[in-house]
Amino acid sequence: MTATRPSTGIRTARGREVLISGAGIAGCALAFWLNRHGYAVTVVEKAAAPRDGGYPIDVRGTALEVVRRMGLLPRLRDAHIDLRRMTFLDGDGGTVASVSPQDVVGGVAGRDIEVRRGDLTGALYAAVRDDVEFLFDDCVDTLDQSAHGVDVTFRGGGRRTFDMVFGADGLHSRTRELVFGPEERFHRYLGYCFAVFTMRNTLGLSREITMWNTPGRAAALYAVGDDDEVHAFLNFARPQPPSDAIRTPQARQDLVAAVFADAGWEVPGMIAAMRDADDLFIDVVSQIRMPRWSRGRVALVGDAAYAPSFLTGQGTSLALVGAYMLAGSLAGRDAAAGLAAYEDTTRAFVTVNQDQVAAGEAALFPTTAQALERRNAMLRGLGALPSREERPAHSALTLPEFAPLG
């Protein structure tokens with residue numbers, strides 16, 4: 001286990017010590033705000049160091065105000081990818097349309113931010129590392145709640161007691177499983193499976209996305225800059241989750257390869273690159289829907305509580321807003337009152353963003369020939385339309401002001 005210790009100047013609210021499981025976007029953002037409100041914060045992360053790399057992510061609407069209040073907005077603006085175009089191809093590789101990315105995803109040019117995931121996590125970690133204790137290369141093994149706190153046993157053998165524990169450990173949250181039960185109770189399958197990985201930029205793409213589609217299948221290459229590598233993405237529709245077919249890494253690769261076996265364009269090369277990729281991730285497209293985000297002294301935030309899926313483009317924004325609202329709701333309140341306030345003030349914002357996509361209805365990934373032609377006709381007409389406003393869901397919550405500990 002690798003530990004980083006905080007500075008000695010942490011202000012502690014009534015001596016409360018809290019644990020956050022997960023040092024990703026939700027975990028580091030929550031650590032920042034809890035520290036600002038006077039908590040002594042420990043973050044445990046199973047990775048050996050802060051994670052870099054990863055697919056580009058978006059910060060929109062209400063979440064922009066969160067990062068502004070954190071003082072990170074200038075740094076993130078400097079890291080903005082400034083994607084120039086999205087080109088859509090038909091099954092033969094011919095161009096259907098080339099459009100502005102903002103017109104497709106509902107973003108606002110000049111205001112919304114798209115950055116490498118590692119740039120955002122790096123900025124968040126840098127903002128808290130001197131004030132928060134980090135335990136890397138470790139994770140929570142057991143949780144035992146009692147009247148005096150939460151007794152935690154770590155996988156590395158350590159044992160500690162915290163006033164509260166927060167699960168910020170992602171879609172497949174260990175914290176959620178320990179406290180609320182199996183993932184299947186809260187998992188909502190959206191009708192698609194996907195694979196993401198990096199590969200050589202053989203087409204010389206630059207700050208653009210090129211996407212090939214046939215009914216129920218999509219393959220995309222995403223060039224963040226002028227790099228030698230691009231992010232590769234393969235997505236396909238499947239009425240039921242292929243649980244039995246993806247139990248092993250080899251089985252997952254075989255499933256993807258079989259689905260795209262007769263595909264054209266650059267897809268054969270993408271399948272070959274997938275086989276050799278060291279950063280391959282394959283999963284189903286899904287959401288987490290829970291009736292409650294807390295139980296006793298344990299609460300969830302970000303994807304662990306309400307993953308919206310990448311189809312909404314709002315996972316990062318929900319994590320940032322949720323972290324701000326959770327920490328602020330607890331400030332000056334006991335655990336029960338604070339967690340109730342977190343749910344009351346945040347759930348409507350989460351729900352309206354999750355509801356942007358229904359099972360099997362992702363606009364960019366039509367599952368029938370008729371739906372694909374309708375989408376293509378819409379894309380061809382985008383250039384003749386005025387610039388779109390942001391989607392109301394992205395700014396459906398006005399952030400309250402929470403006074404930090406004086």
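Placing R0 at 22 angstrom, the Cβ-Cβ distance between Q250 and F281 gives a FRET efficiency of 0.90 after rounding to 0.05.
Given V350, Q370, A79, which one lies farthest toward the positive end of the charge dipole of the chain, if we put +1 on the Cβ of every Lys and Arg and -1 on the Cβ of every Asp and Glu? Of the candidates, V350 comes out farthest on the positive side.
Normalising the Debye intensity of the chain to I(0), with uniform scatterers on Cα atoms only, and taking log10 at q = 0.14 Å⁻¹ returns -1.30. If the chain linking R68 and T153 were pulled fully straight, counting 0.36 nm for each residue of separation and taking away their Cα-Cα distance, it would gain 27.0 nm. Between helix 315-330 and the chain there is an angle of about 20 degrees, using the helix long axis and the longest principal axis of the Cα atoms. Under 5 Å from the amide H of R238 lie the amide H atoms of Y192, C193, each residue being 5 or more positions distant or on a separate chain, with H modelled from the backbone and absent for Pro and chain starts. Beta-bridge orientation, the chain: approximately 70 percent antiparallel, per DSSP, counting only bridges with both partners inside. Distances between placed amide hydrogens fall under 5 Å for N201 paired with E229, V230, all partners being 5 or more residues away or on another chain.
Size of segment 226-380 from its Cα atoms: along the principal axes, largest to smallest, the extents are 59, 38, 37 Å. Between D82 and A377, the modelled label-to-label distance comes to 3.7 nm, taking each label 7 Å out from Cα in the direction of the beta carbon. Net charge dipole, the chain: roughly 920 debye, given to the nearest 20, about the Cα centre with Cβ charges of +1 for Lys and Arg and -1 for Asp and Glu.
For the options A237, A40, A48, a Gaussian network treatment of the chain with springs between C-alpha atoms closer than 10 Å singles out A48 as fluctuating the most. If exposed means no more than 10 neighbouring beta carbons inside 10 Å and the site is in a DSSP loop, what's the longest run of the chain without any exposed trypsin sites (Lys or Arg not before Pro)? The reported range is 15-246.
Relative to the longest principal axis of the Cα atoms of the chain, the long axis of helix 369-381 lies at roughly 90 degrees. When only Cα pairs below 8 angstrom with a gap of at least 6 residues are kept, the chain shows a relative contact order of 22 percent.
Shape class of segment 150-205 from the Cα gyration tensor (axes a ≥ b ≥ c, square roots of the eigenvalues): oblate, since a/c reaches 1.5 or more and a/b does not exceed b/c. All Cα-Cα distances of segment 41-108, cut into 10 Å bins from zero to the largest, leave 14, 32, 32, 15, 7, 1 percent in each bin in turn. Relative to the 2.2 N^0.38 Å rule of thumb, segment 29-164 has a C-alpha radius of gyration ratio of 1.41. Please name which of S294, V259, A341 has its Cα lying farthest along the dipole of the chain towards the positive end, using unit charges on Cβ (Lys, Arg +1; Asp, Glu -1) and the Cα centre as origin. Farthest towards the positive end: A341. Taking all Cα pairs closer than 8 Å and separated by 6 or more residues, the relative contact order of segment 63-189 comes to 13 percent. In this simple spin-label approximation, V352 and S243 carry label points 7 Å from Cα along the Cα→Cβ vector, and these lie 3.5 nm apart. The angle separating the long axis of helix 25-36 from the principal Cα axis of greatest extent in the chain is about 30 degrees. Taking amide H as placed 1.01 Å from N in the peptide plane, R391 has no amide H partner under 5 Å among residues 5 or more places away or on another chain. Note that the chain presents 43 Å² accessible area per residue, ligands and nucleic acids not counted, probe 1.4 Å.
If you average the sequence gap of Cα pairs under 8 Å that are 6 or more apart and divide by the length of segment 167-311, what percent do you get for the contact order?
With pairs under 8 Å counted, the relative contact order is 34 percent.
In segment 158-245, inverting the average of 1/r over every pair of distinct C-alpha atoms gives 16.5 Å as the Kirkwood radius. Considering only Y306, G332, P249, whose Cα is most displaced toward the positive end of the charge dipole of segment 215-374, charges sitting on Cβ of Lys, Arg (+1) and Asp, Glu (-1)? My answer, from the dipole projection, is G332. Extension gain, S98-D228: 0.36 nm per intervening residue step, less the Cα-Cα distance, totals 44.5 nm.
Placing +1 on the Cβ of every Lys and Arg and -1 on the Cβ of every Asp and Glu, with no other charges, gives segment 130-199 a dipole of roughly 380 debye about its Cα centre.
Any idea how far the Cα center of segment 115-143 sits from the one of segment 201-218, in Å? Their Cα centres are 32 Å away from one another.
The fraction of accessible area contributed by carbon and sulfur in segment 55-201 is 44 percent, rounded to a whole number (1.4 Å probe; ligands and nucleic acids excluded). In this simple spin-label approximation, Q370 and R200 carry label points 7 Å from Cα along the Cα→Cβ vector, and these lie 4.4 nm apart. Relative to the current alpha-carbon distance between E401 and E177, full extension at 0.36 nm per residue lengthens the span by 77.4 nm.
The values are calculated or read from the model by the stated rules, or taken from the named source; none is laboratory data. Computed from a predicted model, the values in this text were never measured in an experiment. A quick note on method: Cβ atoms are made from the backbone with ideal geometry, for glycine too, and the neighbour counts reach across all protein chains shown. Ligands, DNA and RNA are stripped out before the accessible areas are found, and what is left, the full protein with its side chains, is counted by its heavy atoms. Shrake-Rupley method; radii C 1.70, N 1.55, O 1.52, S 1.80 Å.
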